[in-house]
Amino acid sequence: MDSKHLARRNFLLKAGAFACVTGGLWLPLSNLAVASTKLTGARLAGNAGQLKFSLVLDKAVKYKIFTLADPDRVVIDLLDTSLGGNLKQGEHNRPPLKGIRYAMRDDGLRVVLDMVQAVDFQNTLTQSGNEHVFEVLLTPKGRPLAAAPVVPPASASKPVAINKAPARTPRPFTVVIDAGHGGRDPGAIGRNGTKEKDVVLAVARKLKAQIDRTPNMRAVMTRDSDELVPLRRRLEIAHEKKGDIFVSIHADASNNSRLDGSSVYILSNAGASSEAARMLAESENSYDIKFSGVSLSDTSERIASVLLDLSKNHIIDQSLIVAKSVLRELSQVSAPLRSKVESAGFMVLKSLDIPSLLVETAFISNPYEERRLRTPQYQQQLADALFRGVKRYQMVQANELDGTMEASVETDQVLAQL
């Protein structure tokens with residue numbers, strides 16, 4: 001990192017200190033407005049030939065509905081509407097429907113229906129007593145896909161042998177680990193010549209080893225060698241590998257050699273939480289232009305489609321949950337630079353439809369922290385802290401999907417044994 005970047009970051013770190021003490025993540029004021037309509041329930045009926053999806057509201061609503069392809073989705077925007085209860089979202093084995101997602105937006109509530117195939121739809125909004133029901137009839141284009149193979153009943157005179165299908169193995173929770181910089185992009189460089197790209201790769205490898213040893217988890221790295229991987233390619237890897245969470249690992253730097261400690265960031269959907277966070281994001285983003293020559297505005301059509309459909313607020317909420325968990329664990333390794341998660345427009349976190357965070361493990365510009373970053377012992381401590389933070393989030397998510405109510409207690413008990 002050149003001296004100009006360091007000087008600007010150092011100044012803004014000091015300038016942002018007051019903001020970090022007085023507040024947490026900045027959220028747009030429009031999110032605080034109370035929606036006039038509430039979504040109170042949802043129902044599914046029908047079969048693979050024609051499925052009826054119904055939304056129950058307490059008032060009539062203005063809406064927009066449209067389809068998207070690659071992957072196939074039906075998107076319903078309920079304007080000036082909020083959730084009036086905890087509606088189940090996630091995977092559904094009801095072809096042509098395979099999943100439902102809800103997310104709050106500035107203008108209301110977005111409902112995304114993930115489909116197993118392209119569909120035609122018809123929609124109506126009717127009133128039934130005090131309820132208003134928004135119904136969508138989903139009809140597959142082409143031959144409908146069945147939810148599961150149907151085994152005919154055995155005849156009394158001629159027994160039929162039935163081969164049981166093997167039990168479905170749950171898909172492992174996939175953590176995409178992104179070691180910052182690489183190749184001709186060294187990242188920040190300490191006074192003794194320690195390069196950010198080298199130490200964060202060492203931490204990333206240790207974190208991957210920890211995750212791969214854990215049942216029902218696996219890790220994928222955006223780079224596992226000293227190579228330059230453009231930021232856009234890192235995003236594509238996360239999509240291709242169907243990641244459940246994305247963790248980008250870095251090491252901070254400043255002209256003030258006394259600054260130390262870890263910090264954790266998530267993507268901001270509407271401005272940075274502080275000037276320091278904004279300038280840090282600009283500094284990190286500038287490396288991609290400088291070393292890979294790729295314009296940050298040059299996104300593929302596929303990523304543009306994700307941006308259109310992305311339930312940003314829900315993803316950011318989930319990112320904040322896991323980021324807080326990681327920051328809590330890092331605080332056990334060294335005193336954090338900031339006590340709260342910050343947010344800014346980090347390119348490496350954009351276009352992702354999974355919870356994502358960027359971790360500044362330590363200040364490589366601090367001689368003491370530089371020495372620690374070079375040691376395998378400290379690298380392992382950082383990797384262990386990242387693992388515990390991610391594992392806590394993974395266990396809470398798994399318990400919520402299973403419907404258990406003691407997620408946090410059970411998670412803390414397991415983590416205490418790690």
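The values are calculated or read from the model by the stated rules, or taken from the named source; none is laboratory data. Worth saying up front: this structure is predicted, and the values here are computed from it rather than measured. Here the Cβ positions follow ideal geometry from the backbone for every residue, glycine too, while neighbour counts run over all protein chains shown. Keep in mind that these areas ignore ligands, DNA and RNA; they rest on the heavy atoms of the full protein, side chains included. Shrake-Rupley method; radii C 1.70, N 1.55, O 1.52, S 1.80 Å.
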- Message: What's the number of the only condition in (1) assigned to a helix (DSSP H, G or I); (2) surrounded by 15 or more Cβ atoms within 10 Å (Cβ to Cβ); (3) modelled with pLDDT of 50 or more that Asp317 fails to meet?
- Response: (2)
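So which of Lys340, Lys324 is at pLDDT 85 or above and part of a loop (DSSP other than H, G, I, E, B)? Walk me through it before giving the result.
Details: Lys324 fails: part of a loop (DSSP other than H, G, I, E, B).
The unique qualifying residue is Lys340.
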- Task: For the range 53-82, enumerate the residues that are in contact (Cβ under 8 Å) with a residue 24 or more places away in the chain, surrounded by fewer than 18 Cβ atoms within 10 Å (Cβ to Cβ) and farther than 21 Å from Leu97 by Cα.
- Result: Asp58, Lys59, Ala60, Leu79, Asp80, Ser82
- Message: Tell me whether the range 348-355 contains one or more residues that are of a type in the set (Val, Ile, Thr), modelled with pLDDT of 80 or more and assigned to a loop (DSSP other than H, G, I, E, B).
- Response: yes
- Can Ser248 be described as touching a Ser or Thr at 6+ places or on another chain (Cβ under 7 Å), open to solvent by less than 20 Å² (accessible area, probe 1.4 Å) and not acidic (Asp, Glu)? no
- Task: From the list Ala398, Ala385, Ala416, pick out the single residue that is open to solvent by less than 10 Å² (accessible area, probe 1.4 Å) and either at pLDDT below 90 or more than 16 Å from the chain's Cα centre (by Cα) (or both).
- Result: Ala385
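Looking only at the range 221-236, how many residues end up being open to solvent by less than 20 Å² (accessible area, probe 1.4 Å) and within 15 Å of the chain's Cα centre (by Cα)? Walk me through how you get there before you give the answer.
Let us first name the residues in the range 221-236 that are open to solvent by less than 20 Å² (accessible area, probe 1.4 Å), namely 222-223, 229, 234-235.
Filter again for within 15 Å of the chain's Cα centre (by Cα), leaving 234-235.
Here the count works out to 2.
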- So which of Glu370, Glu342 is surrounded by 19 or more Cβ atoms within 10 Å (Cβ to Cβ) and out of contact with any helix residue (DSSP H, G or I) (no Cβ under 8 Å at 6 or more places or on another chain)? Glu370
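Working carefully through the options Lys98, Lys59, find the one that is assigned to a loop (DSSP other than H, G, I, E, B) and touching a strand residue (DSSP E or B) at 6+ places or on another chain (Cβ under 8 Å).
On the way: Lys98 fails: assigned to a loop (DSSP other than H, G, I, E, B).
Testing whether each residue is assigned to a loop (DSSP other than H, G, I, E, B) and touching a strand residue (DSSP E or B) at 6+ places or on another chain (Cβ under 8 Å) leaves just Lys59.
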